[in-house]
Amino acid sequence: MRKTKVYPYIPNSVPEVKAAMLAATGAASVEEFYADIPAALRLPRPLNLPAPMLSEARLKRHVQGLLARNTHCGEVLSFLGGGCYQHHVPALCDEINGRSEFLTAYAGEPYDDHGRFQALWEYCSMMGELLNLDVVSVPTYDGYQAAATACCMAARHTGRRQVLVAANVNPDKRSHIKTYGRSEIDFIEVGFDAATGLVDRADLQAKLGPQVAAFYVDVPNYFGGIDEGVALAALVQQAGALLVVGVDPSSLGVLTPPGDYGATIVCGDIQPLGMHMSYGGGHGGFIASRDDEALVLQYPSRLFGIAPTSVPGQYGFGDVAYHRTSFDQRENGNEFVGTAAALWGITAGVYLASLGPQGMVELGEGILRRVAYARQQLAAVPGLRLAHAGTAHFKEFVLDFNACGFTVAQVNAALRERGIFGGHDLSASFPGLGQSALYAFTELHSQADIDALVTALRELLTQ
């Protein structure tokens, strides 16, 4: 007789348990239980999975073998960016966010833990100072979610259905924004100038109208280009719409905060503020605005504030306008509060406190110097061209490989053999740019690092 296997890592795999569950639901079989799911959404065959491992030790060895195939960006010379960056993480950040009282701070629970509340309030306060805005949310899941929610906030606040999105926004972010808001918002893309990489203002003006709630744009954009925020704000405001700007917070020591040139809602990702790349994480999104009550009531995420207590000189920290959240309103809330990344908010607060205002200025200036040097040196490599040569950039820019006779994939493979991670290949996501790649530079790149990249590319492209 064939022995039935019970898998320790798959819940309810005991046949008797399955039978009891089916009986409780009134279904005669698993197929009948899933009958309501359309056939087009179901896989009509078993998953192509390896044989299960019933031994925990064997499973652990297998997973460790898979992990060993990864290469951490700290082990090589990396110029990857595009939304997740290799910045210096002060040891203090890891020390604080690893403490037991913070390590599980999902969203500040338990609700009477004022230490976590205060830590998150301090983070929001420092972010407010960096952004020069009054209200900052507790971190959302990531910057993509913050951007999507910011667009939904703008639509609710204006009562309009259309949102314009710049085509030079990270394609993955654009996809997330549209997926999240498509049931209530009609998204329309605004093109960018191929020569500059910046928003095509004529196209923006042509698409603005009485049904447009907002225009979403990143400054710096996905290509690292710095758009003229004042000019964009003027066009958007003339149409009675809101300007929603996504910003890299590490740029705000040297760039004007978006709220100062007319952005109504500002959002972004705090990964550059003390978070390791960690194979794509960690991330946390922020949303910020002025203290406009009508707009504040559109925030679905948690907001922390400070209030005096009955004891003179002592203060309490907790939720602001709790009634606007889905915690209170459930399905009648603006949106569901969603997954928070409170631990990363505490981490970013530690980072901002450790650098201080002058440290953020020095960080931004250091990055600008490295970008300027890299652009100067790479522009002199035969076969290479700066895609948007006349545009000011922060942290990253696009290299054009169309004239060198190699694809970006070939160049990146050759660089990896030399221990260098090249830039993101843009040929699929931005086919109009041809064989182009996005290269990022942070304060961790020394002049010798940049020279090593230049030397490697010169040798590869002239062989």
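Tell me yes or no: at least one residue of the stretch 439-451 is within 25 Å of Val89 (Cβ to Cβ) and in contact with a Pro (Cβ under 9 Å, 6 or more places away or on another chain). The answer is yes, given that some residue of the stretch 439-451 is within 25 Å of Val89 (Cβ to Cβ) and in contact with a Pro (Cβ under 9 Å, 6 or more places away or on another chain). On inspection, Asn97 fails the criterion of being exposed (fewer than 10 other Cβ atoms within 10 Å of the Cβ) and in contact (Cβ under 8 Å) with a residue 60 or more places away in the chain.
Could you look through the stretch 80-94, keep only residues that are of a type in the set (Gly, Ala, Ser) and closer than 17 Å to Val371 by Cα, and pick out the one that is most open to solvent (accessible area, probe 1.4 Å)? It would help to see each step written out before you state the result.
First, the residues of the stretch 80-94 that are of a type in the set (Gly, Ala, Ser): 81-83, 91.
Next, only the ones that are closer than 17 Å to Val371 by Cα stay: 81-83.
Details: Gly81: 6, Gly82: 14, Gly83: 33 Å².
Among residues in the stretch 80-94 that are of a type in the set (Gly, Ala, Ser) and closer than 17 Å to Val371 by Cα, the one most open to solvent (accessible area, probe 1.4 Å) is Gly83.
Of all residues in the stretch 365-408, those satisfying the criterion of being in contact with a Ser or Thr (Cβ under 8 Å, 6 or more places away or on another chain) and loosely packed, with under 14 Cβ neighbours inside 10 Å are Pro382, Gly390. Residues that are part of a loop (DSSP other than H, G, I, E, B) and either acidic (Asp, Glu) or at pLDDT 95 or above (or both) within the stretch 54-80 comprise Phe79, Leu80, listed in sequence order. Only one entry in Arg375, Arg416 is touching a strand residue (DSSP E or B) at 6+ places or on another chain (Cβ under 8 Å) and either of a type outside the set (D, E, K, R) or assigned to a helix (DSSP H, G or I) (or both), namely Arg375. Across the stretch 157-178, a minimum of one residue is classified as free of Cβ contacts under 8 Å to residues at least 12 places away in the same chain, touching a helix residue (DSSP H, G or I) at 6+ places or on another chain (Cβ under 9 Å), in a helix (DSSP H, G or I) and of a type outside the set (Asp, Glu).
Every residue, every condition in (1) at pLDDT 85 or above; (2) of a type in the set (Asp, Glu); (3) in contact with a helix residue (DSSP H, G or I) (Cβ under 8 Å, 6 or more places away or on another chain); (4) surrounded by fewer than 21 Cβ atoms within 10 Å (Cβ to Cβ), yes or no:
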{"site": "Pro308", "(1), (2), (3), (4)": "yes, no, no, yes"}
{"site": "Asn334", "(1), (2), (3), (4)": "yes, no, yes, yes"}
{"site": "Ala341", "(1), (2), (3), (4)": "yes, no, no, no"}
{"site": "Gly345", "(1), (2), (3), (4)": "yes, no, yes, no"}
{"site": "Ser354", "(1), (2), (3), (4)": "yes, no, yes, yes"}
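One residue stands out in the stretch 409-422 among those that are under 25 Å from the mean Cα position of the chain (by Cα) and among the hydrophobic types (A, V, I, L, M, F, W, C): the one that is surrounded by the fewest Cβ atoms within 10 Å (Cβ to Cβ), namely Ala409.
The values are calculated or read from the model by the stated rules, or taken from the named source; none is laboratory data. Here the structure is a predicted model, which is why all the values come from computation and not from measurement. Note that each Cβ is placed from the backbone with ideal geometry, even for glycine, and that neighbours are counted across all protein chains shown. These accessible areas exclude ligands, DNA and RNA; they are computed on the full protein's heavy atoms, side chains included. Shrake-Rupley method; radii C 1.70, N 1.55, O 1.52, S 1.80 Å.
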